[in-house]
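In what follows, a structure is listed as structure tokens, so that the remarks can point back to it.
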Amino acid sequence: MLQASTLAARRTGRAALNQPRLYATHATTRSKAVEALLVGRPDDVVITLALRTAMTKGKKGSFKDTSADSLLYAMLKAANQRSGVNPALVQDIVTGVCHSPSPTYEARAAAIAAGFPDHVPVQAINRLCSSGLMAVRSVSDSIARGDIDIGLAVGYESMSTNPRPTPQFSHPAILTNQTSKDCAEPMGWTSENVATDFNISRQAMDEYALLSHTRAAQASASGRFKDEIVPVETTVLVPKDPGNPKDLTDAISKTVNVTVDEGLRPSTMEGLSKLKSAFPQWGEGKSTAGNSSPITDGAAAVLLMRRSKAEELGLEVLARHVTTAVTGVAPRHMGISPSYAIPDVLKKAGIKMSDVDLFEVNEAFASMMVYCINKLGLPLDKLNVNGGAIALGHPLGCTGARQIATGLSELKKRDQNVLLTSMCIGSGMGAAAVFVRESTGKVTNASL
């Protein structure tokens, strides 16, 4: 269970969430390690654009009838139009996605259709829930090595049209190795493993979920996400019979403009506590629809380049990618991996937990969030300050890039410096990354 001091802080934080608050400019006293990171160099790998679509309800929302290639096309088109860069100058496009059956083909086709010349190559990569972040790391590494000057990373997922396949193993060496077999466990089962094996209570999980739901609902209502969301026009099939939504025979095609996250569910502890287990086979299963990330569709894009190139093109630098860390844990405890990846990336960056201004940690399940908060002492006033995946959703391949768009947007509003993103990864892995931006002395959109 969460520590008493953490619970007390949460109660105080929850009350504060109901009141407007002002964000002060970043403190002028920074650690020497952060000061060193803020020294810009011509060869730095920097981000000049970070955008996302709205997150929509899987199988029910505005992207339910939007194919993965259409979703990717919309994100690439928006990035092309808003980048301020001639698309012919982009030297590589890397997409991160989990379950599209032909990701490289659809990435290549979508990029050309979105206005990138046919000399711009593409690559599709898949490290499950971190795929969007791995796309960013891939582009960043290519720039750092001097292979390219400009690259675009995109994370996307249509969980409506490409649901998670059930992994199938056949080799006897795998089938007789329990840890190997655990790699195929449904993610919800791993949440129950964490809750059971580490004695995490349903109440603690629901309390954390309430914090995420409340913060996300208030952030959305106050327009806090507007700067990072690009509108997407698409079509939705509306059934003739509203009472039978799955029957799309003679369905009507309706054009919609998607601009707002759709999965937000303002909640109460009473309401959350009444929800039934999503995995009743667990007996006292503690993971529910209210304290787990929902099935979601969405996309995000991050444009990276060498700092000298950004200056040459007259582009605003949003942040610098400092480093990324990837690690592994026991597959049955998949969700606890950020508690290993975060210390690893802090060490690589040469900074401490206290140097981080904002944490964006993917809320796959409340069980893993409670574990990581207790294990690392993550500060709730810096953690997922506008809510996380429990409220917004977790389109698998999209999340790593979405966290960057959300985190950098908020970092700019607060005029702060250090963002750390992290997520657990299916089959028992975890990733984390550090980004820094230079302060301008201005706080934008200061009240929430």
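The values are calculated or read from the model by the stated rules, or taken from the named source; none is laboratory data. Please read all numbers here as calculations on a predicted model, not as lab measurements. In this analysis, Cβ positions are derived from the backbone assuming ideal geometry, glycine residues included, and neighbour counts consider all displayed protein chains.
In this structure, is residue 267 under 27 Å from residue 407 (Cα atoms), surrounded by 13 or more Cβ atoms within 10 Å (Cβ to Cβ) and free of Cβ contacts under 8 Å to residues at least 60 places away in the same chain?
On the way: under 27 Å from residue 407 (Cα atoms): yes; surrounded by 13 or more Cβ atoms within 10 Å (Cβ to Cβ): yes; free of Cβ contacts under 8 Å to residues at least 60 places away in the same chain: yes.
Yes.
Table: residues versus (1) over 25 Å from residue 188 (Cα atoms); (2) basic (Lys, Arg).
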{"site": "354", "(1), (2)": "yes, no"}
{"site": "363", "(1), (2)": "no, no"}
{"site": "368", "(1), (2)": "no, no"}
{"site": "388", "(1), (2)": "no, no"}
{"site": "402", "(1), (2)": "no, yes"}
{"site": "419", "(1), (2)": "yes, no"}
{"site": "424", "(1), (2)": "no, no"}
{"site": "429", "(1), (2)": "no, no"}
{"site": "432", "(1), (2)": "no, no"}
Under the condition of being touching a residue at least 60 places away in the same chain (Cβ under 8 Å) and in contact with a Phe, Trp or Tyr (Cβ under 9 Å, 6 or more places away or on another chain), which residue from segment 271-285 is surrounded by the most Cβ atoms within 10 Å (Cβ to Cβ)? 285
When every residue in segment 193-221 that is among the β-branched types (Val, Ile, Thr) and either touching a Leu at 6+ places or on another chain (Cβ under 8 Å) or outside any helix (DSSP H, G or I) (or both) is compared, the one farthest from residue 279 (Cα to Cα) is 214
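Within segment 229-246, is even one residue buried (at least 18 other Cβ atoms within 10 Å of the Cβ) and assigned to a helix (DSSP H, G or I)? Steps first, please.
First, pick out the residues of segment 229-246 that are buried (at least 18 other Cβ atoms within 10 Å of the Cβ): 229-230, 232, 234, 236.
Those left that are additionally assigned to a helix (DSSP H, G or I): none.
Scanning segment 229-246, I find no residue that is buried (at least 18 other Cβ atoms within 10 Å of the Cβ) and assigned to a helix (DSSP H, G or I), so the answer is no.
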Counted residues, segment 247-276 - those being farther than 25 Å from residue 395 by Cα, outside any helix (DSSP H, G or I) and of a type in the set (Ser, Thr, Tyr): 1
Hand me the list of helices (runs of 4 or more DSSP H) wholly inside segment 284-392 holding 2 or more residues that are among the β-branched types (Val, Ile, Thr). 338-349, 366-376
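Yes/no matrix, rows are residues, columns are (1) in contact with a Pro (Cβ under 8 Å, 6 or more places away or on another chain); (2) assigned to a loop (DSSP other than H, G, I, E, B); (3) polar (S, T, N, Q):
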residue	(1), (2), (3)
63	no, yes, no
72	no, no, no
77	no, no, no
85	no, yes, no
95	yes, no, yes
109	no, no, no
Sole miss for residue 112 among (1) without any contact (Cβ under 8 Å) to a residue 40 or more places away in the chain; (2) under 21 Å from residue 49 (Cβ atoms); (3) crowded, with 22+ Cβ neighbours inside 10 Å is condition (3)
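If the requirement is being β-branched (Val, Ile, Thr) and without any contact (Cβ under 8 Å) to a residue 24 or more places away in the chain, which of these qualifies: 232, 238, 258?
Working: 232 fails: without any contact (Cβ under 8 Å) to a residue 24 or more places away in the chain; 258 fails: without any contact (Cβ under 8 Å) to a residue 24 or more places away in the chain.
Of the residues listed, the single one that is β-branched (Val, Ile, Thr) and without any contact (Cβ under 8 Å) to a residue 24 or more places away in the chain is 238.
Residue-wise test of (1) modelled with pLDDT of 95 or more; (2) touching a strand residue (DSSP E or B) at 6+ places or on another chain (Cβ under 9 Å); (3) in a loop (DSSP other than H, G, I, E, B); (4) within 20 Å of residue 137 (Cβ to Cβ).
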| residue | (1), (2), (3), (4) |
| --- | --- |
| 15 | no, no, no, no |
| 29 | no, no, yes, no |
| 51 | yes, yes, no, yes |
| 54 | yes, yes, yes, no |
| 99 | yes, yes, yes, no |
Among helices (runs of 4 or more DSSP H) lying entirely in segment 115-192, which contain 2 or more residues that are free of Cβ contacts under 8 Å to residues at least 60 places away in the same chain and under 23 Å from the mean Cα position of the chain (by Cα)? 131-145
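Quick test for you: out of 439, 427, pick the one residue that is at pLDDT 95 or above, surrounded by fewer than 24 Cβ atoms within 10 Å (Cβ to Cβ) and outside any strand (DSSP E or B). Give the steps one after another, and end with the answer.
Working: 439 fails: at pLDDT 95 or above.
Within the list 439, 427, the selection yields 427.
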Considering only segment 368-384, I want to know if a residue exists there that is surrounded by fewer than 22 Cβ atoms within 10 Å (Cβ to Cβ), in contact with a helix residue (DSSP H, G or I) (Cβ under 9 Å, 6 or more places away or on another chain), among the acidic types (Asp, Glu) and modelled with pLDDT of 95 or more. yes
